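The values are calculated or read from the model by the stated rules, or taken from the named source; none is laboratory data. Keep in mind that this is a model prediction, so the values were computed, not measured. Cβ placement follows ideal geometry from the backbone for every residue including glycine, while neighbour counts extend to all protein chains displayed. To get the accessible areas, we keep the full protein, side chains included, count just its heavy atoms, and leave off ligands, DNA and RNA. Shrake-Rupley method; radii C 1.70, N 1.55, O 1.52, S 1.80 Å.
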Amino acid sequence: MQSYKPYVIPESLDKRHPYIQEPFTSKVDPKEITLAIKERAVPKYLDVLKNPEVEATIKRDALKTLNEIVSHQETKDIMIDQGMIEAVAPLLKDSNPEVRREAVSLVGSLAMSEKTKQKFSILCDGVQSQLTDEFPSVQEMAAWAIFRLSSGRDGCDAITCNSLASSMVAAFIRYVTPGLFKPELQHFFLYLLEAFVNITQYDDGIVPTLGTGMVAALRDVLLPDYGNEFGIYAQKIHECTLKLLGNISVNHKGKNECIEEKVIDAAWPYLSSNVLQERIYAAYVLMSCGAHLHGKYQIVQKVDSDNAPIIIQVLPRNSG
């Protein structure tokens, strides 16, 4: 751990053996941080996180250390069983941005555990607040944690049952607005889109996106004007956006909204993309929307000089 106090070993026996009752017990300082290892590590750092008198930099370093040792599944179970979720929850709203970032990073590391998903209601409010945090690094880590949580049906249920999906929609629409998007938010958008792709595999995840302006915002992401905004992540963001619109349009109400917002017009140019995944997901959108009569009409109404439907001509040329 970074915030530890180095000791110089003295020659005096009474100082080298502080376990001899007094004065050892009277010298215990709860705010003093030393390096804890093995079985003592997790309880020691838990004590640090729960102590309101410990300064923010020490809590940050304790969280960093916990993030370094959390990779093993057994360690994750030990942390959760000993109360790590309950200890980290208030730190998600800490006044120090570094503490908030490290706290939600630890949540993300624990997010794939079934025990974390069962206790996610404790964390939900803090994670929601971080989606609109003033620091992009905190927002990015919050989106990453949500993406990790969205793996598996139980994680998607944890997101939708705790109304986190609605907050994700609001954050996405807010920051995708021209003028508010920042280059530092590229990772944030990508993680958020990947989480949406996961939760919209189920109707419970699609419903929060409907009637909110989300479909229109996703349509705008596909427009050429947004190409430069996403930098090197443009291709991946376009792939996720197309797949997400395809998922939404599988739902009956979602299909109607996609048709009303003319998503087909924004998606069909990707049928000519050099990227296979973009062509696949563009075809996915057209296939889902085309199941509706009005969707079929939108597909055939764009014609060339010979009055032949352009989109239908593009499909067979890019079916490989």
Roll a 1.4 Å probe over the protein heavy atoms and report the accessible area of T57 in Å², nearest 10. 60
Using a 1.4 Å probe, how large is the accessible area of I122, given in Å² and rounded to the nearest 10? 80
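For segment 179-222, what is the convex hull volume of the alpha-carbon atoms per residue, in Å³? Display every interim value, and only then the final one.
Working: hull volume 3.6 nm³, N = 44.
With only Cα atoms used, segment 179-222 gives 83 Å³ per residue.
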With every protein chain left in place, what is the accessible area of F135 in Å² (1.4 Å probe, nearest 10)? 80
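Compare I299, I173 by solvent-accessible area with a 1.4 Å probe and give them largest first, with all protein chains kept in place. Don't skip to the answer; put the middle values down first.
On the way: I299 25, I173 45 Å².
Listed by decreasing accessible area, they come as I173, I299.
Which percent of the accessible heavy-atom area of segment 150-251 goes to carbon and sulfur, probe 1.4 angstrom? The partial results should precede the final answer.
Values: 2040 of 3960 Å².
Ligands and nucleic acids excluded, carbon and sulfur give 52 percent.
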If a/c stays under 1.5 just call it rounded; otherwise compare a/b with b/c (prolate if a/b is bigger, oblate if not). Do that for segment 38-160, with a ≥ b ≥ c from the square roots of the Cα gyration tensor eigenvalues. oblate
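For segment 136-252, what is the accessible area per residue in Å² when the probe is 1.4 Å? Provide the component values of the computation, followed by the final result.
On the way: 4420 Å² over 117 residues.
Heavy-atom accessible area per residue stands at 38 Å².
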Convex hull over the alpha-carbon atoms of segment 159-258: what's its volume per residue in Å³? 85
Quick one: which residues, 5 or more positions from V303 or on another chain, have an amide H under 5 Å from its amide H? H modelled 1.01 Å from N in the peptide plane, none for Pro or chain starts. I310
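Indicate the gyration tensor shape class of segment 202-253 (rounded, prolate or oblate), computed on the Cα atoms with a ≥ b ≥ c the square roots of the eigenvalues: a/c under 1.5 is rounded; otherwise a/b larger than b/c is prolate and the rest oblate.
prolate
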Over what distance in Å are the Cα centres of segment 124-178 and segment 277-308 separated? 32
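Can you bin segment 61-128 into rounded, prolate or oblate? Criterion: square roots of the alpha carbon gyration tensor eigenvalues sorted a ≥ b ≥ c, rounded for a/c under 1.5, prolate for a/b above b/c, oblate for the rest. Walk me through the numbers before you get to the answer.
On the way: a/c = 1.97, a/b = 1.20, b/c = 1.64.
Taking the square roots of the gyration eigenvalues as a ≥ b ≥ c, segment 61-128 is oblate.
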For segment 209-320, the Cα-Cα pair-distance distribution in 10 Å bins from 0, as whole percents, is 15, 48, 32, 5
Going 7 Å from the Cα of E86 along its beta-carbon direction, which residues of segment 105-128 have the amide nitrogen within less than 20 Å of the resulting point? 106-108, 110-111, 113-127
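Based on alpha-carbon atoms only, what is the radius of gyration of segment 103-239 relative to the globular estimate 2.2 N^0.38 Å?
Details: Rg = 14.1 Å, N = 137, 2.2 N^0.38 = 14.3 Å.
Rounded to two decimals, the normalised Rg is 0.99.
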Please give the length that would be gained between H72 and N256 if that part of the chain were fully extended, namely 0.36 nm times their separation in residues minus their C-alpha to C-alpha distance (nm, one decimal). 61.7 nm
For S249, S95, the accessible-area ranking with a 1.4 Å probe, largest leading, is S95, S249
How far is it, in nm, from the label point at D154 to the one at E53 when both lie 7 Å from their Cα along the line to the Cβ? 4.0
Any idea how far apart E184 and Q277 come out in nm if each label point goes 7 Å out from Cα toward Cβ? 2.7
